[in-house]
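Presented below is the structure to which this report refers.
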Amino acid sequence: MITAGIDLGSLSTKVLILEDDNILSTSILTTGEEGALVAKKAMDDAIKKANISFEELKNIVSTGYGRRLVPFAKQSKSEMLCHAKGSHWLFPKARTVIDVGAESSKVIRINENGVVEDFAGNDKCAAGTGVFLDTMAKALEVPLEEIGQLSLEYKEKVQISSMCAVFAESEVVSHVHKGIPRNDILAGIHESIADRIFGMVNRIGMQNDVVMTGGVAKNIGMVRALEEKLGTKIYIPEYPQMIGALGAALIARNSK
């Protein structure tokens, strides 16, 4: 049985095609303004890579910020449900999922069957998200893909008191003007985000194993800061930004 999951996020659109327990293909494109159009392009790309036809897809489930904008999806499911299912499939012992995407972050507690038991999030604030990190990287004039490793090379972490992107940016620029090394500032930025996520984890109660999903999971500095704060190892999928689409494809497979 071949199914597909599509995660239409605010910045990127991901598609994953699944045949039974095998991932046939994936696709990721920048979302842009036309959600339905990019969804179709991403799906066409994934279908081409899988060497199948659209008609061979038995079910398609959408998720993400724009999940209701996908006209060819047969049903839509919440991001929390999909990230829970995808994480549990890859890591059966997972009980806590930390999802940090472009514009939202959330912590999900799941049971032994991958069912959501509780969650906490900050969907209405960019603090602690990929967009926040991107803003900080630009303020420091450092490539986004390098900030994680650079943050690990600090000598003394600088405290970032504001988590509002606008005020934090001004605070970061002020530190730069004072001659404070960028590594120290980046370490402080990552720790401030870890503090915020730590608060969400405490609200629902952490249980091991812990899995991190979303594009920010590729940031080694963010992962290390969270591991230090939580006092436990965090498991990272090979392609953390695809877990929502994976979960959607799994739900599509299991739907009758």
Too long for a 23 Å Cα-Cα cut-off, among K41/K138; K14/K49; K93/K229; K157/K218, are K41/K138
About the Cα centre of region 9-158, what is the dipole size in debye to 20, counting +1 per Lys and Arg Cβ and -1 per Asp and Glu Cβ, all else neutral?
-> 340
Only Lys, Arg, Asp and Glu count, each charged at its Cβ (+1, +1, -1, -1), so figure out the dipole size of the chain about its Cα centre, rounded to 20 debye.
-> 520
Putting +1 on Lys and Arg Cβ atoms and -1 on Asp and Glu Cβ atoms, find which of F198, V223, S170 reaches farthest to the positive end of the dipole of region 92-236.
-> F198
Taking the alpha-carbon centroid of each part, what is the distance from region 16-52 to region 141-190 in angstrom?
-> 36
For E34 paired with E141, estimate the spin-label separation in nm (one decimal), with each label point 7 Å from Cα along the Cα-to-Cβ line.
-> 3.8
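Are there any GluC sites (Glu not before Pro) in region 64-142 that are in a DSSP loop and have at most 10 other Cβ atoms within 10 Å? List them by number.
Values: sites: E79, E103, E112, E117, E141; in loops: E103, E112, E141.
Filter output for region 64-142: E112, E141.
Treating only the Cβ of Lys, Arg, Asp and Glu as charged (+1, +1, -1, -1), what charge dipole size does region 92-236 show about its Cα centre? Round to the nearest 20 debye.
220
Using Cα-Cα distances under 8 Å and only pairs 6 or more residues apart, what relative contact order does region 35-178 have, in percent? All intermediate terms of the calculation are to be shown ahead of the outcome.
Numbers: 166 pairs, mean separation 18.7, N = 144.
The normalised contact order for region 35-178 reaches 13 percent.
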Over the chain, what is the percentage of antiparallel beta bridges among all DSSP beta bridges, to the nearest 5?
-> 65
With contacts defined as alpha carbon pairs under 8 Å and 6 or more residues apart, what's the relative contact order of the chain in percent?
-> 24
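How do C82, C164 rank when sorted from fewest to most other Cβ atoms within 10 Å of their own Cβ?
Working: C82 29, C164 13.
Placing the least packed residue first, the sequence is C164, C82.
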By count of other Cβ within 10 Å, fewest leading, how are L230, L37 ordered?
-> L37, L230
What order do you get for I147, I204, I251 when you list them from fewest to most C-beta neighbours inside 10 Å?
-> I204, I251, I147
In nanometres, the difference between 0.36 nm per residue of separation and the alpha-carbon distance of D118 and D20 is 32.4 nm
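Read-outs throughout are calculated quantities, based only on the coordinates presented, and are distinct from any laboratory measurement. Note that this is a predicted model, so its numbers are computed, not measured. Neighbour counts run over all protein chains shown; Cβ positions are idealised from the backbone, glycine included.
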